[in-house]
Amino acid sequence: MIDQATIDRIMDAAQIVDVVSEFVTLRRRGVNYIGLCPFHNEKTPSFSVSPSKGVCKCFSCGKGGNVVHFIMEHEQLSYYEALKWLAKKYNIEVKERELTDEEKQAHSLRESLFVVNQFASEYFQDTLYNNIDGQRIGMTYLRGRGFRDDIIKKFQLGYSTDSRDALAHTALQKGYKEEFLVKTGLCYRKEDGTLHDRFWGRVIFPVHTISGKVVAFGGRVLSAATKNVQMKYVNSPESEIYHKSRELYGIYFAKQAIVRQDRCFLVEGYTDVISMHQSGIENVVASSGTALTSDQIRLIHRFTNNITVLYDGDGAGIKASIRGIDMLLEEGMNVKVCLLPDGDDPDSFARKHNATDYQAYINDHEVDFIRFKTDLLMEEAGKDPIKRAALISSIVKSISVIPDAIVRSVYIRECSQMLQMEEKVLIEATAKLIEQARETKFKEQQRKKEREQRMAATPPSTPTPTPMPDAPVPPPIETVPPADAGLEQFPPEPASLPEDAYTSYIPTEGSEQKVFYAKEEDLVRMLIRYGEKVMCYVENEEGGQMPLTVTECISSGLKEDDLQFHAPLHRLILQECEAHLDDPDFNPERYFIAHPDPAVSKLAVDLISDRYQLSKYHSKGQKIVTDEERLYELIPRLLLDFKLSIVEEEMKHTLQALTDPAISNDPQRCMEIMKRYKELQETQSIMAQHAGDRVVLKL
């Protein structure tokens, strides 16, 4: 892990205009720079770079951030990889924390395996270009498949001769350890103890990680030699660095095109990817003949929400792939399917068409997955009522895994028309499956919690009751996940920060569209811009005057009514502002823009780089008054607006909870919730008196 001092040096040295200029042509406009956005196609520049704040933002697509975010997005790197990229550019030595002996050993092993794989990749390429058999057999085969020399070089294709131990012999001669040759799967040991090459007599397809490291190989025996060969393709076995379920062939070469096009094409094999690249379509990856996994889906989802699955013209294997596509839907992706003409696969079709024609065919023939699946199964079911019932169940199951309720509703309506069924029946069936899935997940969480409690040294002071197997699962007060949930782990928060134990009946998802959320964002924006600023002076116990900062005003204002921000990141920002109250050099804008957690720093950039000013206005003397000059008036208004709106939302969802049978039949829980509702009513009444009949500030 990179230490914070080194991160600070990198952030201080990295000039955002200097870095962005390597990828975007910028021209000055006032104090800022503008250019064409590198993340989407546009003709009018909307990408703005602010050297004074060290941030960039596209006001069309919304992409942007500080210099680290830009490199992460443009080069598709992780947070620490982007820091190392910048450190290398500015010749800064990266110092990472001391690893434990076990971590050092594991790190050393992984690095050794990558080194051996890189050697093997270069060896196979050298054999293809400089060995007689490589030129006569390997290159002839690849060119015969229609691959151009530049594409062969781009994908680092290679060749392994018919010699059973050529790679092993060369590697050992050059000092590479036998242990690592076996662990990477490049070689294997026979019963007599001799070392044999795994990929002898094959054309080699290296598999790259998302950052470009060679993690595995695929080897195809040539067509002239397939007569007595059981498997045309041989792939690297699983190892410390290679897990087939987590890798996608071609992702390293496709990632920028996927982001640029906001779309990914999914095919089956190596040659499909290579041929489509050669035809000009680069946003394509392959699952390498395996069933699609959750890890692979999440890898694609990092770059786009939109995926089109390309199938061979004969439709073979489509039904076996439906489960994988259901997983895509479950991840919230927009899935379309395109059948190529009979007799064609993505490879052969790409060799016959250029990128424009290929893209035009896809646009004309792709359909959303639900419609595709319905048509496919209806044709098979015919008029058989049993098969038709199974078809409907299968369609409903696919719809039920879609997380977005609006998308589900649209599909249900379409399927109702296609299947000639009442929409109400499909809605009820979908709701039942969703409820079953929710109960299954809840029970699994309960079982996991019980296992953890049994394994703990001391039992918890208040055991969590487990519902009976057939009892309805009560919807608990929703606990909003911590700010780092689902994110890559970064340096821990300061130890002085209080534990986040926020609970609320307001759902976590979908709150961004609520009125209170916009007002909450306004307060966080003020914290980042002016958190350390003194907004007024108040009288202390001795009768003297003491300064009140924006952070103190917002913090105390929330605490007096027992309220908190709803979004985890917003709570984290307030907590860190409070933790730095006594730091005279604390600058929240700079602090949060350079925050080690990318989610926090990205949010900070978004909140301070809005095009409009929050509330500049002309006074009677026609002087422009800025936010900072009237914080004493602005902050209390924003705070009161937020508190009124979130209390109203909380009351609404608290009432909804009381209507649930599982709660209404539990007198104790019912009383607790009613008490909470009464407290909210009293708080609302007091705040309404403070608000009076004033006009709520519009932002």
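The values are calculated or read from the model by the stated rules, or taken from the named source; none is laboratory data. Since this is a predicted model, take the numbers as computed values, not measurements. Positions of Cβ are generated from backbone atoms using ideal geometry, with glycine treated the same way; all protein chains shown enter the neighbour counts. These area figures cover heavy atoms from the full protein model, side chains too; ligands, DNA and RNA do not enter into them. Shrake-Rupley method; radii C 1.70, N 1.55, O 1.52, S 1.80 Å.
May I ask for the net charge around CYS670, where only other residues with Cβ less than 13 Å from the Cβ of CYS670 are counted and Lys, Arg are +1 while Asp, Glu are -1? Don't skip to the end; give the middle numbers.
Details: positive: ARG669, LYS675, ARG676, LYS678; negative: ASP660, ASP666, GLU672.
For residues surrounding CYS670, the net value is +1.
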Problem set entry | With DNA, RNA and ligands ignored, accessible area of HIS196 (1.4 Å probe; Å², nearest 10) | 40 Å²
Exercise. With each pseudo-label sitting 7 Å past Cα toward Cβ, what's the GLU111-ARG27 distance in nm, one decimal?
Worked result: 4.7 nm
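Take the cross-link list LYS63/LYS88; LYS53/LYS519; LYS255/LYS432; LYS57/LYS533; LYS63/LYS652; LYS89/LYS154 and give me the ones stretching past 28 Å between alpha-carbons. Each step should come with its number before you reach the end.
Values: LYS63/LYS88 24 Å; LYS53/LYS519 24 Å; LYS255/LYS432 38 Å; LYS57/LYS533 26 Å; LYS63/LYS652 35 Å; LYS89/LYS154 24 Å.
As for pairs spanning more than 28 Å Cα to Cα, those are LYS255/LYS432; LYS63/LYS652.
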Problem set entry | Theoretical gain in end-to-end length, PHE442 to GLU512 [0.36 nm per residue, Cα-Cα removed] | 22.7 nm
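Pull out the extension gain between LYS387 and GLU42, defined as 0.36 nm times the separation in residues minus the alpha carbon to alpha carbon distance; nm, one decimal.
Details: separation 345, 0.36 × 345 = 124.20 nm, distance 4.94 nm.
The span from LYS387 to GLU42 would gain 119.3 nm if fully extended.
Assign one of three labels to the range 241-384, namely rounded, prolate or oblate, based on the Cα gyration tensor with a ≥ b ≥ c the square roots of its eigenvalues; rounded applies when a/c is under 1.5, prolate when it is not and a/b is larger than b/c, and oblate otherwise. If you can, show how the numbers build up before the last one.
Values: a/c = 1.60, a/b = 1.17, b/c = 1.37.
Oblate, since a/c reaches 1.5 and b/c is not below a/b.
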Exercise. Nearest 0.05, what FRET efficiency do TYR188 and ALA291 give at R0 = 25 Å with Cβ-Cβ as r?
Worked result: 0.45
Problem set entry | Net length gained if the chain between GLN135 and GLU539 were fully extended (0.36 nm per residue, minus Cα distance) | 136.7 nm
Exercise. Does a label point 7 Å from the Cα of ASP583, set along Cα-to-beta-carbon, have any residues of the range 55-70 with amide nitrogen under 20 Å, and which are they?
Worked result: 55, 66-69
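Carbon and sulfur atoms: what percent of the 1.4 Å accessible area of the range 342-416 do they account for?
On the way: 2120 of 4010 Å².
That share works out to 53 percent.
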Problem set entry | Distance in nm between pseudo-label sites at ALA662 and PHE59 (7 Å out along the Cβ direction from Cα) | 4.8 nm
Exercise. What accessible area per residue comes out for the range 227-306, rounded to a whole number of Å², with a 1.4 Å probe?
Worked result: 42 Å²
Exercise. For the range 131-218, what class follows from the C-alpha gyration tensor (a ≥ b ≥ c being the square roots of its eigenvalues): rounded when a/c is under 1.5, otherwise prolate if a/b is larger than b/c, else oblate?
Worked result: oblate
Exercise. What part of the accessible area of the range 176-275, given as a whole %, is carbon or sulfur when the probe is 1.4 angstrom?
Worked result: 46 percent
For this session: Along Cα→Cβ, 7 Å out, is where each label goes; now give me the distance between the ones at SER556 and ARG145 in nm to one decimal.
Result: 7.2 nm
Exercise. If we restrict to alpha carbons, what Rg and Dmax does the range 364-424 come to, in Å?
Worked result: 11.5, 34
